[in-house]
Amino acid sequence: GGRPVADAEARVDVAAAWEIDALPVRAGRDTTAILRAAADGDLGGLVVGGVDPADLPDPQFALQALDAVGFLVSLEVRASAVTARADVVLPVAPVSEKAGTFVDWEGRWRSFPAVLHSNALPDYRVLDALADAMDVPLGMRGVEQVRGELGQLDAWEGVRAEAPAQPPAAPPQVGPGQAVLASWQLLLDSGRLQDGEPYLAGTAHRAVARISAATAAAAGVSDGQRLTVTGGHGSITLPVAVTAMPDGVVWLPTNSAGSAVRPALGADASAVVTLSRES
């Protein structure tokens with residue numbers, strides 16, 4: 001509800017609304033810190049719900065962390081790189097078979113009902129059962145109860161957390177044969193939601209490497225020829241699409257057929273990569 005966890009007044013406010021004794025006084029780990037703790041052996045167990053390691057900044061490190069954790073529980077709809085490593089896999093209902101709430105970029109709730117009804121359990125029921133087994137009952141037996149508990153929290157009128165201060169980074173410097181990597185995911189690509197759907201996947205745009213005419217000339221390639229983009233872990237080779245765009249930049253689709261940027265290059269957008277014509 002927008003309450004800073006380090007604010008004692010905010011913790012009392014939530015504890016009173018939810019009729020619990022106390023809340024944690026420290027902020028939890030973010031995704032990177034969780035994976036680092038797992039890789040270091042600091043976590044005895046880890047619950048992963050619907051996360052594809054390929055979507056994370058360093059997929060190889062994420063997989064190493066999952067391999068290192070003491071006990072891995074996966075909440076999933078279908079087989080994945082996480083379920084292949086999990087000690088226990090708990091199937092959960094897909095979005096169409098459960099009610100829930102999306103939160104948009106403005107923090108506004110967008111609740112939705114279940115479209116189809118099945119015997120599959122929604123995530124909150126699975127987490128509720130896990131909590132019961134750990135003697136930490138949550139009492140979340142229905143989605144309306146979950147929403148009701150959230151609804152007990154009025155708008156926070158106390159001191160708000162300060163906005164994070166991040167100094168701007170200097171623009172990457174590129175040398176001969178190098179470029180700054182630009183990348184984003186296309187709507188139709190190699191994402192998990194298109195597994196086993198060759199007809200929809202067949203309508204996706206062909207993966208290409210987009211560079212300006214000047215960058216193409218410096219790399220010795222022309223439109224349609226194949227360009228090799230090399231990062232710290234490996235390389236990707238794609239046909240060139242000369243595009244009106246800034247010089248010294250190469251754009252690759254993040255996760256399309258033949259262009260899995262993060263696992264293949266070990267790099268992400270804004271990294272400096274090397275360009276060469278396919279030999």
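The values are calculated or read from the model by the stated rules, or taken from the named source; none is laboratory data. Computed from a prediction, not measured in an experiment: that's the story for all the values here. SASA here: full protein model, heavy atoms, side chains in, ligands and nucleic acids out. Shrake-Rupley method; radii C 1.70, N 1.55, O 1.52, S 1.80 Å.
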What is the P(r) of the range 144-279, as percent of Cα-Cα pairs per 5 Å bin from 0? 2, 9, 16, 17, 14, 9, 7, 7, 7, 5, 4, 3, 1
Taking the full set of protein chains and a 1.4 angstrom probe, give the accessible area of residue 115 in square angstrom, rounded to the nearest 10. 110
Counting only residues 5 or more apart in sequence or on a different chain, those whose built amide H sits under 5 Å from that of residue 114 are 99
What is the angle, in °, between the Cα long axis of helix 8-18 and the longest principal axis of the Cα atoms in the chain? Nearest 10 is fine, range 0 to 90. 70
What does the C-alpha gyration tensor say about the overall shape of the range 108-158? Classify as rounded when a/c is under 1.5, otherwise prolate if a/b is larger than b/c, or oblate. oblate
Taking every alpha carbon pair in the range 58-184 and sorting the distances into 5 angstrom bins from 0 up to the bin holding the longest one, the percent per bin comes out as 2, 7, 10, 13, 13, 14, 14, 12, 7, 4, 3, 1, 0
Cα gyration tensor of the range 1-131, axes a ≥ b ≥ c as square roots of the eigenvalues: rounded (a/c below 1.5), prolate (a/b > b/c) or oblate? oblate
Starting from the residue with the highest accessible area, list 71, 102, 61 in decreasing order, probe 1.4 Å. 102, 71, 61
Give me, ordered by chain and number, the residues 5 or more places off residue 178 or on other chains with an amide H under 5 Å from its own placed amide H. 275
Carbon/sulfur fraction of accessible area - the chain, other protein chains in place, 1.4 Å, %: 57
Once phi is turned into θ = phi - 60°, what whole-Hz ³J(HN,Hα) does the Karplus curve with 6.51, -1.76 and 1.60 give for every residue of the range 195-212, x standing for Gly and Pro? 4, x, 10, x, 6, 5, 4, x, 8, 5, 5, 5, 5, 9, 9, 9, 9, 6
Any idea what the relative contact order of the range 65-211 is, in percent, if you count C-alpha pairs under 8 Å spaced at least 6 apart? 11
Can you work out the Karplus-derived ³J(HN,Hα) for every residue in the range 174-187? Use 6.51 cos²θ - 1.76 cosθ + 1.60 with θ = phi - 60°, whole Hz, and x for glycine or proline. 10, x, x, x, 10, 7, 8, 7, 10, 6, 7, 7, 7, 4
3J(HN,Hα) from dihedral phi, the range 254-264, Karplus parametrisation 6.51/-1.76/1.60, rounded to Hz, x for glycine, proline: 5, 8, 10, 4, x, 9, 8, 4, 5, x, 7
Which whole-number percentage describes the relative contact order of the chain, with Cα contacts under 8 Å and a sequence gap of 6 or more? 16
Please list the non-local residues whose amide H lies under 5 Å from the amide H of residue 212, H modeled 1.01 Å from N, same-chain partners needing a gap of 5 or more. 243, 248, 249
For the range 25-121, what proportion of DSSP beta bridges, expressed in % and rounded to the nearest 5, is antiparallel? 35
Everything considered on the Cα gyration tensor (a ≥ b ≥ c; rounded for a/c under 1.5, else prolate if a/b is larger than b/c, else oblate), the range 142-188 must be described as oblate
For the chain, take N as its residue count and report Rg(C-alpha) divided by 2.2 N^0.38 Å. 1.24
Which of 43, 63, 130 moves the most in a Gaussian network model of the chain with Cα springs under 10 Å? 130
Measure nothing fancy, just the Cα-based angle from helix 123-133's long axis to the longest principal axis of the chain, in degrees from 0 to 90, nearest 10. 50
